[in-house]
Amino acid sequence: MVIDLHTHSNASDGTDDPAAMPRLARAAGVDILGLTDHDTVAGWAAAGGAAPAAGVTLVRGMEFTTHFPVDPRRHPAGKSRVSVHLLGYLFNPAHPAIVTHIASMSHAREERAREIVDRLARDFPITWKIVQAHREPDAPIGRPHIADALVSVGVAANRSAVFRDILSSDSPYYVPMRSPHTTDAVRWIVAAGGKAVLAHPKALARGNFLDDAAIREIAAAGLFGIEVNHRDNPPELRPALADLARELDLAQFGASDYHGDGKPNRMGENYTSRAVYEQLRADNYLPVIVP
Ligand code: AMP
Ligand code: ZN
Ligand code: FE
Ligand code: FE
């Protein structure tokens, strides 16, 4: 039984249609799939409709963009504010706090992407219109769409090259986006009848690294679990992260963070145990969709 609860479709910045995700999961040997697009639930209906025919169980989720202030003296890259990704599962998407988050992130992403594209347009043959051709209508816009546009005009070889260079977080073209405090988002997910899981908390290479004090504070807001086995958590940091999870009574997750062709991550490359899945699926606003 392979359980992969963190993936993206082109409802946000993945490259596959949400309706294709269950079939792709089945082909990758995944039995239970979580669809967790960034700041949108727009892919849920299509994925849910396709899951039974593919023989895949679907767990509806969303990856919330948030931020957490940290002590720069304790941060490996000296940051004072870390971009934190928080997975919410099986919550009521019509809860006012969720509706407000989705709307305000759509606005914040749009504003920030326009600023990035304005900066890029001074030096590269890129326009807002070209960028629009690289996202599905209404998909929350992010750097991946801008990266795909840069690739299409021959400025870079692929998405990952853009993230390493032109759009890395220390590039002059980079603009941060406004987002809520992580602990607020944890409370919204719980209030909406769902469960909150901290995504890739030790993502060192991307600078999205949380020290243990930060993780403790986020956990205290009502966290259910934490991703341990994720390719962005360096393997040497995982044993201590697992120890911290046990101490804080947090369920331990593993997941691929599949983005289709946009990233090398393959479905099922990391996975979650059956026992954690059974705890996750119990007592939420939404049920899982079973074949
Ligand atoms: P943003 O949230 O707009 O700053 O962009 C960061 C997002 O890009 C993260 O959620 C990543 O998952 C996503 N992403 C997609 N493809 C890539 C890639 N090839 N390299 C790095 N990040 C990527
Ligand atoms: Zn993404
Ligand atoms: Fe993420
Ligand atoms: Fe993700």
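Derivation of every value follows stated rules applied to the coordinates shown; laboratory data play no part. All values derive from a computational prediction rather than experimental measurement. Note that we place each Cβ from the backbone using ideal geometry, even for glycine, and neighbour counts take in every protein chain shown.
Whole number please: convex hull volume per residue of the Cα set in the stretch 48-126, in Å³?
194
Stokes-Einstein diffusion for the chain at 37 °C, viscosity 0.692 mPa s, with a Kirkwood radius from C-alpha pairs, works out to 172 µm²/s. Taking every alpha-carbon pair within the stretch 221-291, the share separated by more than 19 Å comes to 44 percent.
Give the average over all directions of the projected area of the C-alpha convex hull of the stretch 189-240, one decimal, in nm².
3.8
Considering only alpha-carbon pairs that sit under 8 angstrom and 6 or more positions apart, the relative contact order computed for the stretch 143-224 is 22 percent. Under 14 Å of direct C-alpha separation, and excluding same-chain neighbours fewer than eight residues apart, K263 reaches these aspartates and glutamates: D13, D16, D148, D232.
The smallest convex shape that holds all Cα atoms of the stretch 137-237, its convex hull, gives 139 Å³ per residue.
Taken over the stretch 1-158, the ratio of Cα radius of gyration to 2.2 N^0.38 Å equals 1.15. Taking all Cα pairs closer than 8 Å and separated by 6 or more residues, the relative contact order of the stretch 90-181 comes to 29 percent. Residues E236, E110, ranked from the fewest to the most other C-beta atoms within 10 Å, line up as E236, E110.
Look at the alpha carbon pairs under 8 Å that are at least 6 residues apart: their mean separation over the length of the chain gives a relative contact order of 25 percent.
If you wrap the Cα atoms of the stretch 45-94 in a convex hull and average its projected area over all directions, you get 5.4 nm².
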